[in-house]
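Colleague: Okay, handing you the structure first.
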Amino acid sequence: MRDLIGSLLPSRRATDWPSAVEAIRAGAAYLAQGASYSYLRARTLLAGPRLFQDADFGFALDVCKWEAFGVAAQDLILMIEAELRPSLPVDARLRAAGLARLYREVMESEAVPPHRAGRGWDDLYSEFDARLAVFLARPPLKPDAISIATALRLLDHAPIEDSVREADRMMVVNNTAFRFIEYQAKLRRTLDMRALAALLAQRMTDAA
């Protein structure tokens, strides 16, 4: 029975820098796509199958997914920092610089999508730098508070009418928060968080 349970649960693997970057990239993709698709499938109801096959709707959905991905990666990094903060450098400037570099590595591990051709991810880098300055100056937030940014970015780009967008705000915020909390539990099961804290702290200190 123990062997069976062990085969069903994700095993914790040795955590190095590439595996941490990949966990954040994969998590952001999973959260952005899952939240976007589940919301739009629920919102479009019986029209969903036809809409999801429409080229224009598909392109808009792809834009929504990628824009949510960029913010979901930010939110995952902030979520990790909030949990590991006691093990990281006290100097917020060191933490901000290290987390900004981590975010860039995560984003650069994905090809720039067509709708961002020619501008890349630069605006998201600047956005995250500004968020870090505010976030790290305050007590750490819980995942449900952090993930609001992903939910709102998803809503900003969802191919729906503005009146519907506003009416669905809390539903999307709550659904996205649940997904982040669930993914946090997965990270704790699959990554060695103490090792990750040591890696982050070392990189932050080395860059000083």
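The values are calculated or read from the model by the stated rules, or taken from the named source; none is laboratory data. Bear in mind the structure is a predicted one, so any value in this text is a computation, not a measurement. Cβ coordinates were reconstructed from backbone atoms using ideal geometry, including for glycine residues, and neighbour counts include every protein chain displayed. Accessible surface is based on the protein model in full, side chains and every heavy atom, while ligands, DNA and RNA are left aside. Shrake-Rupley method; radii C 1.70, N 1.55, O 1.52, S 1.80 Å.
Colleague: GNM on the chain, C-alpha springs below 10 Å: top fluctuator among 190, 176, 150?
Modeller: 190
Colleague: Based solely on its DSSP helices, what 222 nm [θ] is calculated for the chain when runs of n ≥ 4 H residues each add -39,500 (n - 2.57) and the sum is averaged over all residues, nearest 500 deg cm²/dmol?
Modeller: The per-residue figure over the chain is -24500 deg cm²/dmol.
Colleague: Follow-up question, since we're still on this one. Taking θ as phi - 60°, what are the ³J(HN,Hα) couplings along segment 31-40 by the Karplus curve (6.51, -1.76, 1.60), each to the nearest whole Hz, with x for Gly and Pro?
Modeller: 5, 5, 5, x, 5, 5, 5, 5, 5, 6
Colleague: Count charges around residue 38 for me, please; just the other residues with Cβ under 13 Å from its Cβ, Lys/Arg as +1, Asp/Glu as -1.
Modeller: +2
Colleague: Another question about this same structure. So which GluC sites (Glu not before Pro) in segment 97-147 pass both tests, a DSSP loop state and at most 15 other Cβ atoms within 10 Å of the Cβ?
Modeller: Of the GluC sites (Glu not before Pro), the ones in loops of segment 97-147 whose Cβ has at most 15 other Cβ atoms within 10 Å are 110.
Colleague: Could you give the nm distance between label points at residue 193 and residue 59, where each point is 7 Å from its Cα heading toward the beta carbon?
Modeller: Those two pseudo-labels are separated by 4.4 nm.
Colleague: When only the heavy atoms of the protein chains count and the probe is 1.4 Å, how do 77, 181 rank by accessible area, highest first?
Modeller: From most exposed to least exposed: 181, 77.
Colleague: Let me ask something else about it. Can you list the residues of segment 88-108 with backbone N under 16 Å from a point 7 Å past the Cα of residue 130, pointing along Cα to Cβ?
Modeller: Nothing falls inside the zone, counting backbone N under 16 Å.
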